[in-house]
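The values are calculated or read from the model by the stated rules, or taken from the named source; none is laboratory data. As the structure is a prediction and not an experimental result, all values here were calculated from the model. All Cβ positions, even for glycine, are placed from backbone atoms using ideal geometry, and neighbour counts span all protein chains on display. Only protein heavy atoms, including side chains, enter the accessible area calculation; ligands, DNA and RNA are left aside. Shrake-Rupley method; radii C 1.70, N 1.55, O 1.52, S 1.80 Å.
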Amino acid sequence: MSLIEIRKRCLIVETTYHEGGPVVDKPLKLAAACAVIRNPYAGRYEPDLMPFMAELRSLGTLLAQELVDTLGKDNIEVYSKAAIVGVNGEMEHGAVWHEAGGWAMRSLLGDPKSMVPAVKAVANAGYRMMVPVHYIHASYVRSHFNSIEVGIQDAPRPNEILFALVMGTGGRVHSRLGGLLKENVSVHDGQR
């Protein structure tokens with residue numbers, strides 16, 4: 001029996017044309033692909049979460065592919081992941097997404113080196129969170145530090161988990177605060 005039972009999915013696409021300055025030639029798109037699943041460990045302690053983490057790779061691939069199809073693989077410059085665990089679960093039930101979600105995005109994007117930022121919480125249905133993103137090839141590219149809000153009105157229910165992956169097409173619109181630029185990444189260690 002599969003540990004993954006999807007109740008619903010959601011795709012959020014946010015397009016920014018300007019932030020009060022001039023309209024940009026190429027709008028920034030940030031997208032989040034979400035899935036709400038039954039938490040197989042809600043209400044009880046499970047010492048071995050590794051089978052769940054391994055099985056979640058298929059869900060990660062499904063959500064990552066949806067984002068690649070939506071934004072176009074060659075356009076993707078930022079990424080992240082998130083989990084909201086219903087109140088009958090525990091934080092560790094969301095932490096399984098670190099490997100499964102991150103692995104899926106890296107695999108589809110050609111193994112970028114930057115760590116995949118993440119956020120997770122245990123919360124009630126309707127909880128929304130800001131998910132931080134950064135540049136896929138170097139974590140210290142300041143222009144690409146940004147975020148997108150993720151949440152679904154009726155999720156997660158107490159015995160559910162909402163898993164999300166996020167990708168976007170660039171840095172902040174009108175970024176002008178200096179720091180490392182994507183064009184100057186030279187070390188290729190995922191940081192600089």
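Give me log10 I(q)/I(0) at q = 0.15 Å⁻¹ for the chain, Debye formula, one equal scatterer per alpha-carbon, no solvent. For the chain at q = 0.15 Å⁻¹, log10 I(q)/I(0) is -0.85.
Net charge in the neighbourhood of Val78 (other residues with Cβ under 13 Å of its Cβ; Lys, Arg +1, Asp, Glu -1) is +3. In loop segments of the stretch 88-138 as defined by DSSP, the trypsin sites (Lys or Arg not before Pro) with at most 13 further C-beta atoms inside 10 Å of their C-beta are Arg128. For the stretch 93-192, the direction-averaged projected area of the alpha-carbon convex hull comes to 7.1 nm². Note on Lys8 and Glu149: the extension gain reaches 49.0 nm, defined as 0.36 nm multiplied by sequence separation minus the Cα-Cα distance. For the chain, the fraction of 1.4 Å probe accessible surface lying on carbon and sulfur atoms is 52 percent.
Considering all different alpha carbon pairs of the stretch 136-188, the Kirkwood hydrodynamic radius works out to 13.8 Å. The value of relative contact order for the chain, using C-alpha pairs under 8 Å at least six residues apart, is 28 percent. For Arg176, the shell of other residues with beta-carbons less than 11 Å away shows a net charge of +1, using +1 for Lys and Arg and -1 for Asp and Glu.
Separation of the stretch 95-142 and the stretch 5-23, taken as the distance between their Cα centroids, equals 16 angstrom.
Looking at the stretch 1-68, the trypsin sites (Lys or Arg not before Pro) that sit in a DSSP loop and have at most 13 other Cβ atoms within 10 Å of their own Cβ are Arg44. Between 0 and 90 degrees, the angle of helix 50-71 with respect to the longest Cα principal axis of the chain falls at about 40 degrees.
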